[in-house]
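Participant: The structure follows.
The values are calculated or read from the model by the stated rules, or taken from the named source; none is laboratory data. What you are looking at is a predicted structure, and each value in this text was computed from that prediction instead of being measured. Methodologically, a virtual Cβ is constructed for each residue, glycine included, from the backbone with ideal geometry; neighbour enumeration extends over all protein chains shown. Remember, those area values only see protein heavy atoms, side chains included, never the ligands or the DNA or RNA. Shrake-Rupley method; radii C 1.70, N 1.55, O 1.52, S 1.80 Å.
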Amino acid sequence: GAGVSQSPSNKVTEKGKDVELRCDPISGHTALYWYRQSLGQGLEFLIYFQGNSAPDKSGLPSDRFSAERTGGSVSTLTIQRTQQEDSAVYLCASSLALDNEQFFGPGTRLTVL
Amino acid sequence: DAKTTQPNSMESNEEEPVHLPCNHSTISGTDYIHWYRQLPSQGPEYVIHGLTSNVNNRMASLAIAEDRKSSTLILHRATLRDAAVYYCILSSWTDKLIFGTGTRLQVFP
């Protein structure tokens with residue numbers, strides 16, 4: 001079956017603009033996670049959803065970052081007033097339940113000029 | 001979150017076994033030991049996980065020390081496709097994954 005998909009695959013934006021990144025999890029997966037990976041760095045946890053609720057937002061780096069999940073499926077990560085330090089690959093993962101292996105998407109490469 | 005320590009890099013020749021070590025001396029009783037790997041330009045990929053007993057799957061084996069303060073991921077016969085960054089992660093069953101810097105494995109023909 002289809003894996004986790006993310007769109008767009010690449011996004012170039014100007015500093016100060018808002019961007020929306022989309023994640024389509026594997027059908028039936030109740031848990032959804034967002035991570036980001038800056039150049040040459042490890043993965044940094046941002047937020048996860050169980051269903052439509054987000055019990056852990058501790059990883060969001062600032063209030064410019066927000067995420068939502070509707071219908072227990074698609075999730076959108078929004079970054080407002082983007083800064084150059086937001087440039088990174090944003091990865092989404094989903095799992096059947098919170099204690100199951102996570103399946104990662106290919107990521108969205110965000111470049112803020 | 002309990003921390004893991006891994007070597008920055010390791011090398012192997014193709015067809016040879018690889019033992020990737022991980023130290024986690026502050027592991028708690030509810031922490032699972034997860035291994036993920038990240039091939040170049042791809043998202044991470046699940047490899048294996050365990051709690052107390054050694055585990056085997058089609059990709060690898062996980063050997064867990066009796067005191068659970070260390071573990072070893074074993075690739076029985078390395079292939080060129082196994083060249084990746086391998087992450088050892090501790091996570092309770094309901095938790096997010098906290099990735100460290102991992103071990104970069106190079107495999108030579």
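Participant: Projected onto the charge dipole of the protein assembly as shown (+1 at Lys/Arg Cβ, -1 at Asp/Glu Cβ, origin at the Cα centre), which of A:16, A:93, A:104 gives the Cα projection farthest towards the positive end?
Facilitator: Result: A:16.
Participant: Taking only protein heavy atoms and a 1.4 Å probe, what accessible area per residue, in Å², does chain A have with all protein chains in place?
Facilitator: Numbers: 5350 Å² over 113 residues.
On a per-residue basis, 47 Å².
Participant: Working out 0.36 nm times the residue gap between residue B:53 and residue B:9, then minus their Cα-Cα distance, what length gain in nm do you get to one decimal? Spell out each step's value before the answer.
Facilitator: Values: separation 44, 0.36 × 44 = 15.84 nm, distance 2.62 nm.
13.2 nm is the gain from fully extending residue B:53 to residue B:9.
Participant: Given bins 10 angstrom wide, list per bin the percent of all Cα-Cα distances in chain A, short to long.
Facilitator: 16, 51, 29, 5
Participant: Going by a 1.4 Å probe on protein heavy atoms, which residues of the stretch B:77-109 end up with at least 30 Å² less accessible surface in the whole assembly than in their chain alone?
Facilitator: B:93, B:94, B:96, B:97, B:99
Participant: Note the buried accessible area between B and A here, summed over both chains, with a 1.4 Å probe, in Å² to the nearest 100.
Facilitator: Roughly 1300 Å².
Participant: If you take each beta carbon of peptide B:43-49 and count the beta carbons of other chains within 10 angstrom, what is the mean?
Facilitator: Values: counts 16, 9, 4, 7, 1, 1, 3.
That works out to 6 on average.
Participant: Ignoring ligands, DNA and RNA, please state the percent of accessible area on chain A from carbon and sulfur, probe 1.4 Å. Before the final figure, lay out the partial values.
Facilitator: Values: 2430 of 5350 Å².
After summing per-atom areas, the C and S share lands at 45 percent.
Participant: Using θ = phi - 60° and the Karplus curve 6.51 cos²θ - 1.76 cosθ + 1.60, what whole-Hz ³J(HN,Hα) does each residue of the stretch B:27-44 get, with Gly and Pro shown as x?
Facilitator: With coefficients 6.51, -1.76 and 1.60, one gets 4, 9, x, 9, 7, 8, 9, 10, 10, 10, 9, 10, 6, x, 6, 10, x, x Hz.
Participant: Where in the stretch B:61-98 does the label zone of residue B:42 land, with the point 7 angstrom along Cα→C-beta and an amide N cut-off under 20 Å?
Facilitator: Only B:61-62, B:73-89 pass the distance filter.
Participant: Amide H of residue B:78: which non-local residues (sequence gap of 5 or more, or other chain) have their own amide H closer than 5 Å, using H built in the peptide plane?
Facilitator: Those qualifying (amide H under 5 Å, at least 5 residues apart or on another chain) are B:15, B:16, B:18.
Participant: In debye, nearest 20, what is the charge dipole magnitude of chain A about its Cα centre with +1 on Lys and Arg Cβ and -1 on Asp and Glu Cβ, if you could check?
Facilitator: Dipole about the Cα centre, nearest 20: 280 debye.
Participant: Right, another one. Stokes-Einstein at 20 °C, 1.002 mPa s, Kirkwood radius from Cα pairs: D for chain B in µm² s⁻¹? Let's see the in-between values first.
Facilitator: Values: Rh = 13.8 Å.
Here the translational diffusion coefficient equals 155 µm²/s.
Participant: Would you work out the relative contact order for chain A, in percent, from Cα pairs under 8 angstrom that are 6 or more residues apart? Numbers along the way, then the final one.
Facilitator: Values: 287 pairs, mean separation 42.0, N = 113.
So the answer I get is 37 percent.
Participant: Out of residues 5 or more away from residue A:5 or on other chains, whose amide H comes under 5 Å of its own, with H placed 1.01 Å from N in the peptide plane?
Facilitator: Distant-sequence amide H within range of residue A:5: A:24.
Participant: Tell me the per residue accessible area of chain B using a 1.4 Å probe; a whole number in Å² is fine. Let's see the in-between values first.
Facilitator: Values: 5640 Å² over 109 residues.
I get 52 Å² per residue for chain B.
Participant: Can I ask one more? According to the Kirkwood expression over distinct Cα-Cα pairs, how big is the hydrodynamic radius of the protein assembly as shown, in Å?
Facilitator: Values: mean 1/r = 0.0553 Å⁻¹.
Kirkwood hydrodynamic radius for the protein assembly as shown: 18.1 Å.
Participant: Give, in nm to one decimal, the length gained when the segment between residue B:28 and residue B:74 is fully stretched (0.36 nm per residue of separation minus the Cα-Cα distance). Write out the running numbers ahead of the final one.
Facilitator: Details: separation 46, 0.36 × 46 = 16.56 nm, distance 2.29 nm.
The residue B:28-residue B:74 span can extend by a further 14.3 nm.
Participant: In Å, what is the Rg of the alpha-carbon atoms in the stretch B:1-40, and how long is Dmax?
Facilitator: Cα radius of gyration and Dmax of the stretch B:1-40 are 12.9, 37 Å respectively.
Participant: Which whole-Hz couplings ³J(HN,Hα) result when phi for each residue of the stretch B:6-13 is put into the Karplus expression 6.51 cos²θ - 1.76 cosθ + 1.60, θ = phi - 60°, listed in order with x for Gly and Pro?
Facilitator: Working through the residues one at a time gives 10, x, 5, 8, 9, 10, 8, 9 Hz.
Participant: Roughly how many debye, to the nearest 20, is the charge dipole of chain B about its Cα centre, given +1 on each Lys and Arg Cβ, -1 on each Asp and Glu Cβ, and no other charges? Intermediate results must be reported in sequence, preceding the final value.
Facilitator: Numbers: 9 positive and 11 negative charges, 33 e Å.
Roughly 160 debye for chain B.
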